[in-house]
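The structure under discussion appears below in the form of structure tokens.
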Amino acid sequence: LKPPKPTSCVASYGLLQCGVWSSYQQMAAGKALSRCLVGGLFRQVCPCQTASTQAASCSLASRRSAHFETAAYRRDHQQRHGQRPGGEGRSKGSRKGQPWGGQQDPRVRELLAEVKAAARAKDCNEVLQILREVPESPPGASWAPVYFSALAACCREGRYLEALSVWEDMPVKDEVAYNTMISFCGRIKRLQEARQLFSEMHAKSVRPSGMTYCALLNGLSGQAKVEDAGALLEEMKGHPWLDQNTDWDQVYLLVITAAARAGQLERARAYMREARDDRNILPRQHHYNALMVACARVADSLTASQLFQEMQQQGLVPREMDWNIYLQCCRQSFADCRAVFTSMLEAGVVPTEETFAALLQAAGLSRQREDAEWVLSEMQGRGISPYNPASPRLRLQLQRMGFIRGR
């Protein structure tokens, strides 16, 4: 059974037509429950919908958010619809219009397979050794796939000097290659290098995409550079062509996170209102979690409680990580943390090591030995060993409490 051709509108973003129906029964009934699924914006409401249609669509999105809000689903959806992540409708692995498109030389395919095998083995030294076997010096454009795979392998393993070595020898540096390097530099807190790469794109006439801006925003939000993140957002709004390949939900989430980590709660809330009013982006758990990060910095349990209740009133079910950040906001009162923990269990949420790390932090601040012993008993009762925790935060709290020795 094929879905009918959409008759509502064409998405203003220019990638996909609206008309993604919620079910075949609704398609048959002709109900316009279309949602713009542009680059993963599954919670974004189409501007042409009526108020009743928006409400029905939002309700559906809430019920299915647990399925949609996964990176695996996004990748699967993009592959099935012939998109690259944040790209312009190209299929996975396709490089249309690039110098290395078309038939590859057998030697190129051979070295590419070796690089990928070394990357799966997480052996960056072997990757660099394979690149020395490239017969051309400097390498031609046909060798670009080999160098790109080597760059991705070094970035994935956090090897900056090796990645820089590969980057300097790359025969072709396209937008995807710049995205990879900018994202990597932001992840390892080399913002100056990330900015230089971003400026270099303009100098070499490589147009940045929405993914490029998100890569730089991710680095800025990680270091709470709210002024720079805000300026970059304003620059993006001045480029209408970015609407074609930009996940504005992700953009605003990163800017909100930057403001929250800088402790500017009101500014973060202003960005969330702007996303809702200007881009029709409905708040999700991620947005409220980012707002509560600002509360956690100063242990503002009252504001965090209001945000937590507001999130639930919006029909959003708190996740385990939302309960954890709520616990951190209440760390000055161990009694409040126990009450939050009890509510968490009543909601059917399974606590993790991060949950007990937050509880141990509150127990340490209370300076009551019995509070820490209660947390340990709860941990062991749920099968979590305090002697070999996987969570760095839990290990740190256990060391501070004197239950395990530091390495």
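The values are calculated or read from the model by the stated rules, or taken from the named source; none is laboratory data. Predicted model, so just to flag it, every value in this text is computed and none were measured. Note: ideal-geometry Cβ built from the backbone for every residue, glycine included; neighbour counts use all protein chains shown. Surface areas here come from the heavy atoms of the whole protein model, side chains and all, with no ligands, DNA or RNA. Shrake-Rupley method; radii C 1.70, N 1.55, O 1.52, S 1.80 Å.
Details
Rundown of residues vs (1) in contact with a Cys (Cβ under 9 Å, 6 or more places away or on another chain); (2) open to solvent by 20 Å² or more (accessible area, probe 1.4 Å), yes/no style:
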position: 232; (1), (2): no, no
position: 275; (1), (2): no, no
position: 279; (1), (2): no, yes
position: 304; (1), (2): yes, no
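- Of the residues making up the stretch 173-194, those that are open to solvent by less than 20 Å² (accessible area, probe 1.4 Å) and of a type in the set (Gly, Ala, Ser) are 177, 186, 194.
- Against the conditions (1) closer than 18 Å to residue 288 by Cα; (2) modelled with pLDDT under 95; (3) open to solvent by less than 60 Å² (accessible area, probe 1.4 Å), residue 326 satisfies every one except (2).
- For the stretch 329-349, residues that are more than 18 Å from residue 381 (Cβ to Cβ), of a type in the set (D, E, K, R) and open to solvent by 40 Å² or more (accessible area, probe 1.4 Å) total 1.
- Residue within the stretch 240-249 that is open to solvent by 70 Å² or more (accessible area, probe 1.4 Å) and either in contact with a strand residue (DSSP E or B) (Cβ under 6 Å, 6 or more places away or on another chain) or touching a residue at least 12 places away in the same chain (Cβ under 8 Å) (or both) present: yes
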